[in-house]
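Participant: Have a look at the structure that comes next, please.
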Amino acid sequence: MMQLYVIGHKFHYELESLCRVFYPGEQIFCCVAATSAEKLLNRRLPRQVRRAGFAVITRASPAGDGVRFSVTLAKGRLRLRLGRVVLAADADAQELAMAQLLFVLLLRACGGAAPPWGLLTGVRPSKLMLRLRRDTGAEAAERRFRASLWVSPAKTALAAQVARAEEPVLALTRPDSFSLYIAIPFCPSRCSYCSFVSHTVDRQSAQKRIPAYLEKLCAELESTAAIARQLGLRLASVYIGGGTPTILEPAQLEQLCGTVAAHFDAPLEFTAEAGRPDTITAQKLAALRRGGVDRVSVNPQSMEAEVLRLAGRPHSAAQCVEAYALARAAGFGSINMDLIAGLPGDSPAGFRRTLEQVIALAPENITVHTLAIKRAAELRRLAGDTHNEGAAVTADMLALAAALLPAAGYEPYYMYRQSHSLGNLENLGWSRPGRFCRYNIDMMEESHTVLACGAGAVTKLKQPGGDWLERVFSFKYPYEYLSRFAEVLARKERIVSFYASYNIGGDSQSKS
């Protein structure tokens, strides 16, 4: 277990994330220490740190006109220390200085190659690149990535390429734009890598809950549409996610899509995650098309039989191909296919075979995810401490994707990262030219409000013309959502008061 001590500063989240990049399998205990913890900086480390075997002590203290930062690392007999004085009152500059010190120390302790994303540990590296391009220009933005954030030239170029692809789409958003997310938190079974809050329907009790859930969900959609109309908001895109939305029967899918069509203006883009090939039928796809859905995801994750078995995916590669053909026959002109790099039992050779088979199908979008081993996933228990080995193999898989997909006419168009991803590597959406998923870009770059309905859904309110964000959470589990539905609707009133503070949607007063 690593003990991370934070003394005299507030940068614990970033520093903990950076420690996890270098020691992904290590349990990290973060202690924001009081002044009584000064003894930790003595030459002789305290007994509890020696017993833990691994300590990182970070400290900030006044030094003349600036702040002195120091980092001490002790692991067994290894003891390293670095210090620096920063003449800056700006918190961002101070956080960067502390992160740089810690990065150098961790790199020395590990003795390996520098992580390709350098100091960046956040979910949205492309959002940062976009902001820097806007504020300082393209060349200065890339220079900051390389020189200050220590991002590798290859990842810097990737972030810049994604930013360039996103800019024309983001330019279409308006202060009154919003997207709609609809959550279907049910699955036929749980995949071993999954950490989402979803109910499997292999039990009769869960199956019985779906009709009641759908009834409440449609009522929430109707209420949300009334709020959007009251505020004069304009719908850009709709995304039905999960779970596995195609767990619903055709009539239930028609009910859901019909509710959207009856109460919202027609969106520019309407996506449904068809997801698991073993849940996809011609009847369900026809119901989605009649309901206005024009884009679906058919997600193999892998085309290797043993990899699918270990991942808990009870379908075959042949079923993926059949589901894809059904989607084309149903009239879907935009199809995405998800893949995961780094799954247990996979290899670069196997991942190449998967890529080649999916490319041969010619979907409009291919999304390549890096495996993230989350605490709530069964895979965390099965995988054990294999992060470092898995990271190297996964990097090779992403390199294959970066070679094969452009050669087949795809270009990267959106990107994000997850915590606990192997090698701190990225998830990357690839698209045929001009066939981008607008929802993915707007959601990931937080360009406008997302109104979310359903259990586990999170509404994200975006300040019109600004950068302020506020979240409104629904209840995580379907049983809570059903039993406390009046509270679900009451929380939606925050949407009205949020926009009222910006003089949108009626009488209001200015945001202070």
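The values are calculated or read from the model by the stated rules, or taken from the named source; none is laboratory data. The structure presented is a predicted model; accordingly, all values stated were derived computationally and were not measured. Note that each Cβ is placed from the backbone with ideal geometry, even for glycine, and that neighbours are counted across all protein chains shown. Ligands, DNA and RNA are excluded from the accessible area calculation, which covers all protein heavy atoms including side chains. Shrake-Rupley method; radii C 1.70, N 1.55, O 1.52, S 1.80 Å.
Participant: Could you list, in sequence order, all residues of region 293-308 that are farther than 18 Å from residue 241 by Cβ, open to solvent by less than 40 Å² (accessible area, probe 1.4 Å) and charged (D, E, K, R)?
Facilitator: As a first pass, look at region 293-308 and keep what is farther than 18 Å from residue 241 by Cβ: 302-308.
Checking the rest, the ones that are also open to solvent by less than 40 Å² (accessible area, probe 1.4 Å) come to 302-304, 307-308.
Correct list: 304 only.
Participant: Now, a different point. So which pairs qualify, if the first residue must be in region 143-157 and touching a residue at least 12 places away in the same chain (Cβ under 8 Å) and under 13 Å from residue 128 (Cα atoms), the second must be open to solvent by 50 Å² or more (accessible area, probe 1.4 Å) and charged (D, E, K, R), the Cβ gap must be under 7 Å, and the two must be at least 6 apart or on different chains?
Facilitator: Taking only residues 6 or more apart or on different chains, the pairs are 156/146.
Participant: Somewhere in region 473-494, is a residue among the small types (Gly, Ala, Ser), at pLDDT 95 or above and crowded, with 21+ Cβ neighbours inside 10 Å?
Facilitator: Yes, region 473-494 has at least one match.
Participant: Within region 497-507, work out how many residues are in contact (Cβ under 8 Å) with a residue 40 or more places away in the chain and either outside any helix (DSSP H, G or I) or out of contact with any helix residue (DSSP H, G or I) (no Cβ under 6 Å at 6 or more places or on another chain) (or both).
Facilitator: 3
Participant: Just to check your reading of the model, which residue among 362, 376, 407 is open to solvent by 60 Å² or more (accessible area, probe 1.4 Å), over 10 Å from residue 341 (Cα atoms) and modelled with pLDDT of 95 or more?
Facilitator: Sole residue among the options that is open to solvent by 60 Å² or more (accessible area, probe 1.4 Å), over 10 Å from residue 341 (Cα atoms) and modelled with pLDDT of 95 or more: 407.
Participant: Does any residue in region 230-252 that is more than 24 Å from residue 172 (Cα to Cα) come within less than 7 Å, Cβ to Cβ, of a residue that is surrounded by fewer than 24 Cβ atoms within 10 Å (Cβ to Cβ) and among the acidic types (Asp, Glu) six or more places away or on a different chain, and which pairs are these?
Facilitator: Correct list of pairs: 242/273; 245/273.
Participant: Give the residue, chosen from 483, 421, that is farther than 21 Å from residue 164 by Cα, among the hydroxyl-bearing types (Ser, Thr, Tyr) and without any contact (Cβ under 8 Å) to a residue 24 or more places away in the chain.
Facilitator: 483
Participant: Could I ask something else about it? Quick one: how many residues across region 144-179 are among the charged types (D, E, K, R) and open to solvent by less than 50 Å² (accessible area, probe 1.4 Å)? Spell out how you get there, then give the answer.
Facilitator: As a first pass, look at region 144-179 and keep what is among the charged types (D, E, K, R): 144, 146, 155, 164, 166-167, 174, 176.
From what's left, open to solvent by less than 50 Å² (accessible area, probe 1.4 Å): 155, 166, 176.
Of the residues in region 144-179, 3 are among the charged types (D, E, K, R) and open to solvent by less than 50 Å² (accessible area, probe 1.4 Å).
Participant: List every residue pair whose Cβ atoms lie under 9 Å apart, where the two residues are 6 or more positions apart in sequence or sit on different chains, the first residue falls within region 169-182 and is touching a residue at least 12 places away in the same chain (Cβ under 8 Å) and of a type in the set (Phe, Trp, Tyr), and the second residue, located anywhere, is open to solvent by less than 30 Å² (accessible area, probe 1.4 Å) and in a loop (DSSP other than H, G, I, E, B).
Facilitator: From residues that are touching a residue at least 12 places away in the same chain (Cβ under 8 Å) and of a type in the set (Phe, Trp, Tyr), the pairs are 178/233; 178/448; 181/454; 181/457.
Quick grid of which residues meet (1) within 20 Å of residue 94 (Cα to Cα); (2) surrounded by fewer than 15 Cβ atoms within 10 Å (Cβ to Cβ); (3) out of contact with any His (no Cβ under 6 Å at 6 or more places or on another chain):
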{"residue": "105", "(1), (2), (3)": "yes, no, yes"}
{"residue": "108", "(1), (2), (3)": "no, yes, yes"}
{"residue": "111", "(1), (2), (3)": "no, yes, yes"}
{"residue": "118", "(1), (2), (3)": "yes, no, yes"}
{"residue": "126", "(1), (2), (3)": "no, no, yes"}
{"residue": "130", "(1), (2), (3)": "no, no, yes"}
{"residue": "133", "(1), (2), (3)": "no, no, yes"}
{"residue": "137", "(1), (2), (3)": "no, yes, yes"}
{"residue": "142", "(1), (2), (3)": "no, no, yes"}
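So that you can scan it fast, the table gives a plain yes or no per residue for (1) in a helix (DSSP H, G or I); (2) closer than 28 Å to residue 236 by Cα; (3) touching a Lys or Arg at 6+ places or on another chain (Cβ under 8 Å):
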position	(1), (2), (3)
252	yes, yes, no
273	no, yes, no
307	yes, no, no
315	no, no, yes
318	yes, no, no
321	yes, no, no
332	no, yes, yes
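Participant: Turning to a different aspect of this structure: Do we have residue 466 as at pLDDT below 95, of a type in the set (Gly, Ala, Ser), open to solvent by 10 Å² or more (accessible area, probe 1.4 Å) and part of a loop (DSSP other than H, G, I, E, B) here?
Facilitator: Yes.
Participant: For the subset of region 495-512 comprising residues that are over 30 Å from residue 135 (Cα atoms) and modelled with pLDDT of 90 or more, which member is least open to solvent (accessible area, probe 1.4 Å)?
Facilitator: Among those that are over 30 Å from residue 135 (Cα atoms) and modelled with pLDDT of 90 or more, it is 496.
Participant: Consider region 443-458. How many of its residues are of a type in the set (A, V, I, L, M, F, W, C), open to solvent by less than 10 Å² (accessible area, probe 1.4 Å) and either without any contact (Cβ under 8 Å) to a residue 24 or more places away in the chain or assigned to a strand (DSSP E or B) (or both)?
Facilitator: 3
Participant: Any idea how many residues of region 68-88 are in a strand (DSSP E or B) and either free of Cβ contacts under 8 Å to residues at least 12 places away in the same chain or open to solvent by 30 Å² or more (accessible area, probe 1.4 Å) (or both)?
Facilitator: Number satisfying all stated conditions: 10.
Participant: Moving to a separate point now. Is region 427-442 home to any residue that is open to solvent by less than 10 Å² (accessible area, probe 1.4 Å), over 30 Å from residue 368 (Cβ atoms) and not in a helix (DSSP H, G or I)?
Facilitator: Within region 427-442 (the criterion being open to solvent by less than 10 Å² (accessible area, probe 1.4 Å), over 30 Å from residue 368 (Cβ atoms) and not in a helix (DSSP H, G or I)), the answer is no, since none of the residues qualifies.
Participant: Here are some conditions: (1) of a type outside the set (Phe, Trp, Tyr); (2) open to solvent by less than 10 Å² (accessible area, probe 1.4 Å); (3) at pLDDT 95 or above. Residue 251 meets all but one. Which one does it not meet?
Facilitator: Residue 251 satisfies every listed condition except (2).
Participant: Please list, ordered by first then second residue, the pairs with beta carbon atoms under 7 Å, 6 or more apart or interchain, first in region 280-292 and open to solvent by less than 40 Å² (accessible area, probe 1.4 Å), second modelled with pLDDT under 95 and of a type outside the set (Asp, Glu).
Facilitator: Sorted first by the residue in region 280-292, then by its partner, the pairs are 280/274.
Participant: Could you please give the count of residues in region 93-109 that are farther than 13 Å from residue 119 by Cα and of a type outside the set (Gly, Ala, Ser)?
Facilitator: 2
Participant: How about region 145-166: which of its residues are in contact with a Leu (Cβ under 7 Å, 6 or more places away or on another chain) and closer than 18 Å to residue 437 by Cα?
Facilitator: 163, 166
Participant: Among 269, 322, which is the only one that is surrounded by fewer than 21 Cβ atoms within 10 Å (Cβ to Cβ) and touching an Asp or Glu at 6+ places or on another chain (Cβ under 8 Å)?
Facilitator: 269
Participant: Within region 184-193, how many residues are modelled with pLDDT under 75 and either open to solvent by 20 Å² or more (accessible area, probe 1.4 Å) or under 19 Å from residue 218 (Cα atoms) (or both)?
Facilitator: Total satisfying the criteria: 2.
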